[in-house]
């Protein structure tokens, strides 16, 4: 079997009304839509597939490549309802120029039973946040279905929401069933289950580009949301582990994904850092700052801020060189 070479990905893009232009301005996406709210950096979801941008499979969707080479996923893929191996995660960059809708996602059991889809548990890693930025995380008191319905009718639901301050480098784990929303002025990387199920509970009575209010999904939201009060989430204890030319820290580990932050600093041209994997899983490297080069055999990939690299499971030995920050996502 030939070596499994890593490859660059080109994202799908979304122009939701709350987005801005910083994914183009700060991350060099060069995508001609405005607003540019989200880029789906690593996705096989039918609502927005990533396209391979380097190597022998350049031009194919990531889904096509994984269909032809399911071994790229390793031993940890979730199974679709048809039993076919699927990429179990979806990775996004998000630019929230305005507040996102107050929303909730179903868990796997509800989603499979009612939507023929996976549910959506997710994690946010905050790339930047304006002064006094916040996000919504659950309710600030216990509520009932009656209370929420009445608050939505009266336009007072915001007083029941738990608003949490946000700073650069914060990590938030949003379990399915948790009412939530990113606030204006936050840029984040999102790692989630491969799902596009969102039930909007409240959208500030905004109008879209056609002068219409966006659809709400109140009945479904009431069925799946957690109605108990939510304590403000504490930032997890993070410990940097140093090695020559790099440092790593675990940001999140759950049943769906593991996310580490990788700080690369190999300024000498002769100094490089081994990129090692500890499990038989694919890895996705998302560069959130700086630039560098990934080496392996006859493979050489240059990457810059905003680039995303898919590393097949059991890939060739790899080394990194440069000065960059990356998120390393695996399952």
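The values are calculated or read from the model by the stated rules, or taken from the named source; none is laboratory data. Since the model is a prediction, treat every value here as computed from it, not as a measurement. Note that we place each Cβ from the backbone using ideal geometry, even for glycine, and neighbour counts take in every protein chain shown.
The table that follows gives values for the structure above.
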{"quantity": "Residue 141, sole failed condition from (1) surrounded by fewer than 22 Cβ atoms within 10 Å (Cβ to Cβ); (2) part of a loop (DSSP other than H, G, I, E, B); (3) within 20 Å of the chain's Cα centre (by Cα)", "calculated": "(3)"}
{"quantity": "Failed condition for residue 93, given (1) crowded, with 18+ Cβ neighbours inside 10 Å; (2) out of contact with any helix residue (DSSP H, G or I) (no Cβ under 8 Å at 6 or more places or on another chain)", "calculated": "(2)"}
{"quantity": "Hits in segment 4-37 (condition: within 18 Å of residue 130 (Cα to Cα) and assigned to a loop (DSSP other than H, G, I, E, B))", "calculated": "18, 21, 26, 27, 37"}
{"quantity": "Qualifying residue in segment 73-83 (condition: assigned by TED's automatic domain parsing to the domain that holds residue 198, over 14 Å from the mean Cα position of the chain (by Cα), modelled with pLDDT under 95 and in a helix (DSSP H, G or I))", "calculated": "yes"}
{"quantity": "Qualifying residue in segment 240-256 (condition: within 19 Å of residue 54 (Cα to Cα), touching a residue at least 60 places away in the same chain (Cβ under 8 Å) and outside the structural domain of residue 188 (by TED's automatic domain parsing))", "calculated": "no"}
{"quantity": "Residue selected from segment 168-197 under the condition touching a helix residue (DSSP H, G or I) at 6+ places or on another chain (Cβ under 9 Å) and in a loop (DSSP other than H, G, I, E, B), by the criterion farthest from residue 110 (Cα to Cα)", "calculated": "179"}
{"quantity": "Selection count where residues are over 23 Å from the mean Cα position of the chain (by Cα), surrounded by 14 or more Cβ atoms within 10 Å (Cβ to Cβ) and without any contact (Cβ under 8 Å) to a residue 60 or more places away in the chain, scope segment 217-239", "calculated": "0"}
{"quantity": "Whichever residue in segment 272-331 is in a loop (DSSP other than H, G, I, E, B) and within 18 Å of residue 243 (Cα to Cα) and, among such residues, is modelled with the highest pLDDT", "calculated": "317"}
{"quantity": "Inter-residue pairs, beta-carbon under 8 Å, first in the same structural domain as residue 216 (by TED's automatic domain parsing) and more than 17 Å from residue 227 (Cβ to Cβ) and in segment 144-165, second surrounded by 15 or more Cβ atoms within 10 Å (Cβ to Cβ) and modelled with pLDDT under 95, 6+ apart", "calculated": "164/233"}
{"quantity": "Top-ranked residue in segment 38-55 [being touching a helix residue (DSSP H, G or I) at 6+ places or on another chain (Cβ under 6 Å) and in a loop (DSSP other than H, G, I, E, B); ranked as surrounded by the fewest Cβ atoms within 10 Å (Cβ to Cβ)]", "calculated": "49"}
